[in-house]
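See below for the structure under consideration.
The values are calculated or read from the model by the stated rules, or taken from the named source; none is laboratory data. Everything numeric here is computed off the predicted structure, so don't read it as measured data. Neighbour counts are summed over all protein chains in view; Cβ atoms, including those assigned to glycine, are modelled from backbone coordinates with ideal geometry. For accessibility, only protein heavy atoms count, side chains too; no ligands or nucleic acids. Shrake-Rupley method; radii C 1.70, N 1.55, O 1.52, S 1.80 Å.
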Amino acid sequence: MRQFASNLVASFTLRHVGFLIVMLKFILILYIVLRLTVFSNDGFSLSFDRELLFFLFAGFVAQLIDGALGMAYGVSCSTLLISFGITPAVASASVHTAEVFTTGVSGLSHIFMKNVNRKLFLRIAVTGAIGAMLGAYLLSKVFNGSFIKPYVSVYLLIMGVILLVKSFKNEERKRKFTKLPLLGFTGGLLDAMGGGGWGPIVTSNLIMKKGTPKETIGTVNTAEFFVTFFSTGVFLFFLGIDSWKVILGLIAGGVIAAPLGAFLIGKIKPKIIMISVGIVIIISSLITIYNSLF
């Protein structure tokens, strides 16, 4: 059995990874279409109001940040949604559902550009997906949304501090991180529970390890698709997710911001963007924590 598993892993190529991404995205799109049409009790309707504009704004800002930094989409988006009054479970479910589309395209692009390390991918993607499913289950069925809200905000606050600290570092200390499956599991778990953080946790750790940043970022971004897809699957199963206005707003805002983010990446220094993002996340999280406790 062990030999069979080893042979199976050895024969698993990046072409198979690309095929899986396309197939899983098709399944999710089919589910969303059926859910909004055939299986909708009241029929699907979308009103263009102030709420939708805010969700568009949240998706736009988060994608703009992600396009410039290569990370922090989930953290930025979740911080904005929670500050707007969305519960952590709905915020995380909405962010991950919208993120499946962006990470899928990103993963396919990195595979095409040969930016993915197959061995590294397998060591973080499988455990990352397992951690994400566990985190999504805990957030959906175990923890009360109102109870965990300040704790999620504390986590987002820590992510904001990490981004802020990283922005003032001129050189990152190289160190070897050998427990890659554990890193993937931890990143997936916290990403699902906090609505984001896979990039800041996993990418930042791997960048400090000797290796090419291009390959590291490409591999982590490709693995992120599976983390977001499987956490979204758990959220869909346990919550049913009726927050389609949030999801569609995030997707539309992200689509609008994607080309602008690619343009700005060469115009604005990443350090300035990272400092600004860190400050915004810290302030928003502190306000949410204060409102939750008092």
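Numbers at a glance
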| item | result |
| --- | --- |
| Filter pass, Thr13 being at pLDDT 80 or above, β-branched (Val, Ile, Thr) and exposed (fewer than 12 other Cβ atoms within 10 Å of the Cβ) | yes |
| Count of residues meeting criterion [without any contact (Cβ under 8 Å) to a residue 40 or more places away in the chain and of a type in the set (A, V, I, L, M)] in region 117-164 | 2 |
| Which listed residue, of Gly74, Gly43, Gly70, is modelled with pLDDT under 80 and closer than 20 Å to Leu236 by Cα | Gly43 |
| Of residues in region 267-277 being assigned to a helix (DSSP H, G or I) and modelled with pLDDT under 80, the one least open to solvent (accessible area, probe 1.4 Å) | Val277 |
| Single condition Gly85 does not satisfy, out of (1) more than 19 Å from Leu156 (Cα to Cα); (2) free of Cβ contacts under 8 Å to residues at least 12 places away in the same chain | (1) |
| Condition check for Leu120: in a helix (DSSP H, G or I) and farther than 24 Å from Met23 by Cβ | no |
| Residue check, Ala58 under 21 Å from Ser106 (Cα atoms), at pLDDT 85 or above, open to solvent by less than 50 Å² (accessible area, probe 1.4 Å) and of a type outside the set (S, T, N, Q) | yes |
| Residue satisfying condition, being over 21 Å from Thr97 (Cβ atoms), among the polar types (S, T, N, Q) and modelled with pLDDT of 80 or more, within set Thr232, Thr219 | Thr219 |
| Residues of region 114-165 classified as among the β-branched types (Val, Ile, Thr), within 16 Å of the chain's Cα centre (by Cα) and within 25 Å of Gly240 (Cβ to Cβ), total | 2 |
| Sole residue being at pLDDT 75 or above and among the hydrophobic types (A, V, I, L, M, F, W, C), chosen from Leu264, Leu260, Leu206 | Leu206 |
| Ser140 at pLDDT below 85 and open to solvent by 10 Å² or more (accessible area, probe 1.4 Å) | no |
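For (1) in contact with a Gly (Cβ under 8 Å, 6 or more places away or on another chain); (2) of a type in the set (Lys, Arg); (3) surrounded by 17 or more Cβ atoms within 10 Å (Cβ to Cβ), each residue gets a yes or a no:
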residue: Met113; (1), (2), (3): yes, no, no
residue: Lys149; (1), (2), (3): no, yes, yes
residue: Val161; (1), (2), (3): yes, no, no
residue: Ser167; (1), (2), (3): yes, no, yes
